[in-house]
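One structure is given below, encoded as structure tokens.
The values are calculated or read from the model by the stated rules, or taken from the named source; none is laboratory data. Predicted model, so just to flag it, every value in this text is computed and none were measured. Positions of Cβ are generated from backbone atoms using ideal geometry, with glycine treated the same way; all protein chains shown enter the neighbour counts. What goes into the accessible areas is simple: the full protein's heavy atoms, side chains included, and nothing from ligands, DNA or RNA. Shrake-Rupley method; radii C 1.70, N 1.55, O 1.52, S 1.80 Å.
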Amino acid sequence: MGSRVHGLAGGTLLAVLLLTGCGEVSPLGARPKSDQFLTPEQLAKRVQPGTSREAILRQLGEPAVSSGDGRALAYARLVTAERKVLTLAVVVPFWSTSAITYFQVQGIWLDGDGRVVQTRLWNGHNGPHGGNPYEAYRVPSREHLLRWLEEEAPGSAGPR
């Protein structure tokens with residue numbers, strides 16, 4: 001009886017290991033080069049603390065979304081590129097090519113006087129393990145952007 005239980009446990013473990021080996025792996029290749037995508041340092045230089053809302057709008061244009069009170073702005077930048085995606089099917093690898101859309105959200109938070117108090121970037125793509133915690137395999141929607149602005153706001157208890 002003991003070897004039968006041991007064999008059943010071993011078979012179950014093998015099945016779990018095989019099943020966890022299934023699925024897509026992140027797309028291969030670097031994010032496409034684009035003047036739209038900034039580093040945190042570039043964003044901080046472009047939008048310095050104390051900059052007025054009017055100056056931001058003149059420099060960056062209208063945001064993709066702004067919070068209801070107007071104290072948070074999100075600029076969404078997108079670039080699509082063909083990338084190879086590795087998929088594992090029961091530990092057997094195969095390649096496919098897909099159009100992957102890379103995104104960067106540039107978040108800007110303002111104080112009550114309409115001056116910048118914080119900037120933050122959110123980078124990702126719509127492929128496997130793409131970095132959108134609200135909905136996998138998607139570029140962030142308007143609702144996702146608003147939720148991110150709320151969660152990342154100065155003084156919020158949301159993720160950082």
Test Pro133 against the criterion of being touching a Leu at 6+ places or on another chain (Cβ under 7 Å), open to solvent by 50 Å² or more (accessible area, probe 1.4 Å) and either free of Cβ contacts under 8 Å to residues at least 40 places away in the same chain or within 18 Å of Leu57 (Cα to Cα) (or both), and give yes or no. no
Flagged in segment 35-68 as closer than 21 Å to Ser141 by Cα and either open to solvent by less than 90 Å² (accessible area, probe 1.4 Å) or modelled with pLDDT under 95 (or both), in numbering order, are Gln36, Phe37, Leu38, Leu60, Gly61, Pro63, Ala64, Val65, Ser66, Ser67, Gly68
When Arg83 is run through (1) more than 22 Å from the chain's Cα centre (by Cα); (2) within 25 Å of Gln36 (Cβ to Cβ); (3) charged (D, E, K, R), the failure sits at (1)
For segment 62-82, pairs from a residue that is among the hydrophobic types (A, V, I, L, M, F, W, C) to a residue that is open to solvent by 80 Å² or more (accessible area, probe 1.4 Å), with Cβ under 8 Å and 6 or more apart or across chains, are Ala64/Arg142; Val65/Arg142; Ala72/Glu150; Val79/Arg31
Within segment 56-98, residues closer than 30 Å to Glu41 by Cβ and aliphatic (A, V, I, L, M) come out as Ile56, Leu57, Leu60, Ala64, Val65, Ala72, Leu73, Ala74, Ala76, Leu78, Val79, Ala81
Checking the structure you have, find out if any residue of segment 84-99 is assigned to a helix (DSSP H, G or I) and open to solvent by 50 Å² or more (accessible area, probe 1.4 Å).
no
Within segment 69-83, of all residues that are touching a strand residue (DSSP E or B) at 6+ places or on another chain (Cβ under 8 Å) and assigned to a loop (DSSP other than H, G, I, E, B), the one surrounded by the fewest Cβ atoms within 10 Å (Cβ to Cβ) is Gly70
Item to check | Qualifying residue in segment 48-59 (condition: polar (S, T, N, Q), under 24 Å from the mean Cα position of the chain (by Cα) and assigned to a strand (DSSP E or B)) | outcome: no
Exception for Gln118 within (1) modelled with pLDDT under 95; (2) open to solvent by 20 Å² or more (accessible area, probe 1.4 Å) falls at (1)
Reported set for segment 102-115 where residues are of a type outside the set (A, V, I, L, M), open to solvent by less than 30 Å² (accessible area, probe 1.4 Å) and not in a loop (DSSP other than H, G, I, E, B) is Tyr102, Phe103, Gln104, Gln106, Gly107, Trp109
